[in-house]
Amino acid sequence: MFTGIVEELGEIVRTTPTGDDSALFAVRGPVVTTDARHGDSIAVNGVCLTVVEVVDGDVFTADVMGETLRRSALGGLRPGDPVNLERAAALGSRLGGHLVQGHVDGVGQVVAREPAAQWETVRFRLPDTLSRYVVEKGSVTVDGVSLTVADVGDDWFTVGLIPTTLALTTLGTRRVGDPVNLEVDVLAKYVERLLGPRLPTPHA
């Protein structure tokens, strides 16, 4: 479990195919590797990955299976690309963002950026299957960053990015057209599952 508060901007060192639909990722992250051990969880652009080993002091490796490559934007990463990194939350620590599982629900896309004096409004497109889980003033995770939804439409939502987020995460350099990993609030999905047949069927 994570909080969506990025600890550092890491870097993809290499990606090595290990089969027809899997790969071994090597990621540089001096902060997240300070206490990382085999089996620990580290979120990479919002995707929960399991540490295989720590090499060269500040690089960790992680296996990425086909399901993850298909359901997220990790498959498009190349050596040198920056990535948002966060270690799993510890019990008793402050919850600065919201409850984030590191289980990507789908891939969205940057569709517009509007700079302002002290912040920037960014609009993202999201898959139709996820739109019902995103609400105004609710929480959403974009590339592992916990954000508050400012506005929402049928297939889009906007967020306001403060200078710290722009400077210390990949969201500051995402361009229009770039893909992003999306994770909606898990509480909304559980509510939907529990209510089941009592909920109206979403319009096609």
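Could you check, for segment 43-54, whether at least one of its residues is surrounded by 12 or more Cβ atoms within 10 Å (Cβ to Cβ), among the hydroxyl-bearing types (Ser, Thr, Tyr) and in contact with a helix residue (DSSP H, G or I) (Cβ under 9 Å, 6 or more places away or on another chain)?
no
Taking interchain pairs and intrachain pairs at least six residues apart, which have beta carbon atoms under 6 angstrom, with the first residue in segment 57-73 and part of a helix (DSSP H, G or I) and the second open to solvent by 10 Å² or more (accessible area, probe 1.4 Å) and among the hydroxyl-bearing types (Ser, Thr, Tyr)?
Going by the 6 Å Cβ cut-off, the qualifying pairs are 66/22.
Name the residues in segment 129-179 that are of a type in the set (Ser, Thr, Tyr) and either in contact with a strand residue (DSSP E or B) (Cβ under 8 Å, 6 or more places away or on another chain) or over 17 Å from residue 7 (Cβ atoms) (or both), would you?
Selection gives 129, 131, 133, 139, 141, 146, 148, 158, 165, 169, 170, 173.
From (1) open to solvent by less than 30 Å² (accessible area, probe 1.4 Å); (2) under 19 Å from the mean Cα position of the chain (by Cα), pick out the condition that doesn't hold for residue 135.
(1)
Every residue in segment 143-181 that is in contact (Cβ under 8 Å) with a residue 40 or more places away in the chain and in a loop (DSSP other than H, G, I, E, B), please.
If the condition is that a residue be in contact (Cβ under 8 Å) with a residue 40 or more places away in the chain and in a loop (DSSP other than H, G, I, E, B), then 143, 144, 162, 169, 173, 174, 175, 176, 177, 178 are the ones that fit.
How many residues are modelled with pLDDT of 95 or more, open to solvent by 60 Å² or more (accessible area, probe 1.4 Å) and charged (D, E, K, R) when one looks only at segment 79-108?
Selection size over segment 79-108: 1.
Among the residues of segment 1-22, count how many are open to solvent by 10 Å² or more (accessible area, probe 1.4 Å) and either touching a Ser or Thr at 6+ places or on another chain (Cβ under 8 Å) or closer than 28 Å to residue 95 by Cα (or both).
So the count comes out to 8.
Is it true that some residue in segment 25-34 is in a loop (DSSP other than H, G, I, E, B) and free of Cβ contacts under 8 Å to residues at least 12 places away in the same chain?
Yes; the residues of segment 25-34 include at least one that is in a loop (DSSP other than H, G, I, E, B) and free of Cβ contacts under 8 Å to residues at least 12 places away in the same chain.
The values are calculated or read from the model by the stated rules, or taken from the named source; none is laboratory data. Keep in mind the model is a prediction, meaning the values are calculated, not measured. When we count neighbours, we look across all protein chains shown, and the Cβ atoms used for this are built from the backbone with ideal geometry, even at glycine. Just so you know, the surface numbers come from the protein's heavy atoms only, side chains and all, with ligands and any DNA or RNA stripped out. Shrake-Rupley method; radii C 1.70, N 1.55, O 1.52, S 1.80 Å.
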